[in-house]
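Shown next, in structure tokens, is the structure this report addresses.
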Amino acid sequence: SGDSYVLTASAVNHAGLRGFGFVRAFTVDESSPIVDYATVECPATVGAKVPLRCSWRNFLDPQSPKLDYEVGIGSVPGNDDTLAFMPASNALWHDFEDDLSEGDANSTMSSLEHGQQYYVTVRVTNC
């Protein structure tokens, strides 16, 4: 429902002759992506044999042909206090295996507590 604009370029030479060129049309989009029917799916329990791989679907934005996805892990829904928001692997899922490598003492997986509940948040931005 944004306003549409068209950019044109014009040039005038010293003789007063004009030339016009179509540059690009664009729409101002001030709406957020629609998340009413979006779902995020992650395993209920993760560990050494069950990696954390989450997928999502139904994030929509009629005005934007492209959406950017970021993922984060937090101790409460919407927070990223455990693993800061980062670009997702792709538009449909993210595999946290490299982000949460158990062999790396500095990784997030080594700081996760056994039995603690964590929340994965998918943050979507229209482009």
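Key figures for this structure:
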quantity: FRET efficiency, 1/(1 + (r/R0)^6) with R0 25 Å, evaluated for M86 and Y37 via beta carbons; calculated: 0.50
quantity: In Å², nearest 10: area of W93 left accessible to a 1.4 Å probe; calculated: 80
quantity: Accessible area in the full protein assembly, largest first, 1.4 Å probe, for Y5, Y37, Y118; calculated: Y37, Y5, Y118
quantity: Most to least accessible of C54, C127, C42 (protein chains only, probe 1.4 Å); calculated: C127, C42, C54
quantity: Label-point gap, in nm, between E97 and E30 - each point 7 angstrom along Cα→Cβ; calculated: 4.5
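The values are calculated or read from the model by the stated rules, or taken from the named source; none is laboratory data. Because the structure is a prediction, the values reported are computed rather than measured. Cβ: placed from backbone, ideal geometry, glycine included. Neighbour counts: every protein chain shown. Areas reflect the complete protein model, heavy atoms only, side chains present, ligands, DNA and RNA absent. Shrake-Rupley method; radii C 1.70, N 1.55, O 1.52, S 1.80 Å.
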